[in-house]
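Some notes on the structure that comes next.
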Amino acid sequence: MTIPHATHRGRLAAILLGTTLALAVPASADAQTVGNDPDAWQFELTPYLLGAGLNGTTGIGGVTADVDVSFSDLLENLDSGFMALFEARQGRWTFGVEGIYFKLKGEGVKSWQGPLDITGSASLEATVTEQLYQLTAGYRVLDERTKVDVLGAARYTQLDTDLNLVVTTGSPLLPDGSRSVSASESWWDPVIGVRVLVPLAAAWTLVGYADIGGFGVGSDLTYQLLAGVNWQVAKSVVAKAGYRYLYQDYQHNGFVWDMTASGFYLGAGFRF
């Protein structure tokens, strides 16, 4: 049986799969310390939000779709989500752990009229859960007024997708039907990068970041760019805002994720 709305199904699945564009915001702590000993361990916890739109191509099981959606489109399907980064610094060394969780749910309906006045409708209910964990280690190669860190990271991404398609024809000549499809995909990406911190004033720091990775281990290619600013609101509180651009090209067994995410981020770092 041919489903007249296959393209519609692919587009809805593509929008729901768009969670991945909340991928890891790189650590962006500056060199200011809470205590008086610069070599003592310093810790920072940063919950944050990333308002990213998506542009690219995605597909599952031979159904592919072009994606061009804004952050507000994704937000309409958000069921739950959490993003946070924990960073530890000692001397010139930095270690970071990041966790991201998203769950999206949505439903689309398509109707049509065929020959002999036969009408039909189809609905697609989709649930997508995305988890991402990133482990980062960095070393400060320049510790003057301008500070430069080189970074290495291992980034794990997992997507779980459940699609439930129900077709109603309204005619005994054509049977009704339903189909459920589940898919799970996960991969690791090794990443190398550099971060630059430039003080603008007593309480303000400009942050620049770039990385590249994948190298065929997970993604064929992934890279990201970030430009932002940190504001030292209080001794132990740092407000963070900026813009980031992330690209991923991953393909495996009919799953396609050739996607760019870009948008503004906003967070608050709590130091102790």
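Quick one: Thr260 ticks every box in (1) modelled with pLDDT under 95; (2) in a strand (DSSP E or B); (3) under 17 Å from Ala153 (Cβ atoms) bar one, so which box is it?
That leaves (3) as the condition not met.
Could you go through segment 202-219 and let me know if any residue there is more than 18 Å from Leu135 (Cα to Cα), at pLDDT 90 or above, exposed (fewer than 14 other Cβ atoms within 10 Å of the Cβ) and of a type in the set (A, V, I, L, M, F, W, C).
yes
Search segment 69-96 for residues being exposed (fewer than 13 other Cβ atoms within 10 Å of the Cβ) and of a type in the set (Asp, Glu), and hand back the single one that is modelled with the lowest pLDDT.
In this case the residue turns out to be Asp79.
Tally time: how many residues in segment 134-174 are assigned to a loop (DSSP other than H, G, I, E, B) and at pLDDT below 95?
Of the residues in segment 134-174, 8 are assigned to a loop (DSSP other than H, G, I, E, B) and at pLDDT below 95.
Considering only segment 203-225, how many residues are out of contact with any strand residue (DSSP E or B) (no Cβ under 7 Å at 6 or more places or on another chain) and closer than 23 Å to Arg92 by Cβ?
0
Find the residue count for segment 37-68, including only residues that are of a type in the set (S, T, N, Q) and at pLDDT below 75.
2
Is it true that some residue in segment 183-194 is among the charged types (D, E, K, R) and modelled with pLDDT of 95 or more?
So far as segment 183-194 goes, yes, one or more of its residues are among the charged types (D, E, K, R) and modelled with pLDDT of 95 or more.
Return the total of residues in segment 221-272 being among the charged types (D, E, K, R) and free of Cβ contacts under 8 Å to residues at least 40 places away in the same chain.
1
Could you figure out which of (1) of a type in the set (A, V, I, L, M); (2) closer than 17 Å to Leu206 by Cβ; (3) modelled with pLDDT of 95 or more isn't true of Val237?
Failed condition: (2).
The values are calculated or read from the model by the stated rules, or taken from the named source; none is laboratory data. Predicted model, so just to flag it, every value in this text is computed and none were measured. All Cβ positions, even for glycine, are placed from backbone atoms using ideal geometry, and neighbour counts span all protein chains on display.
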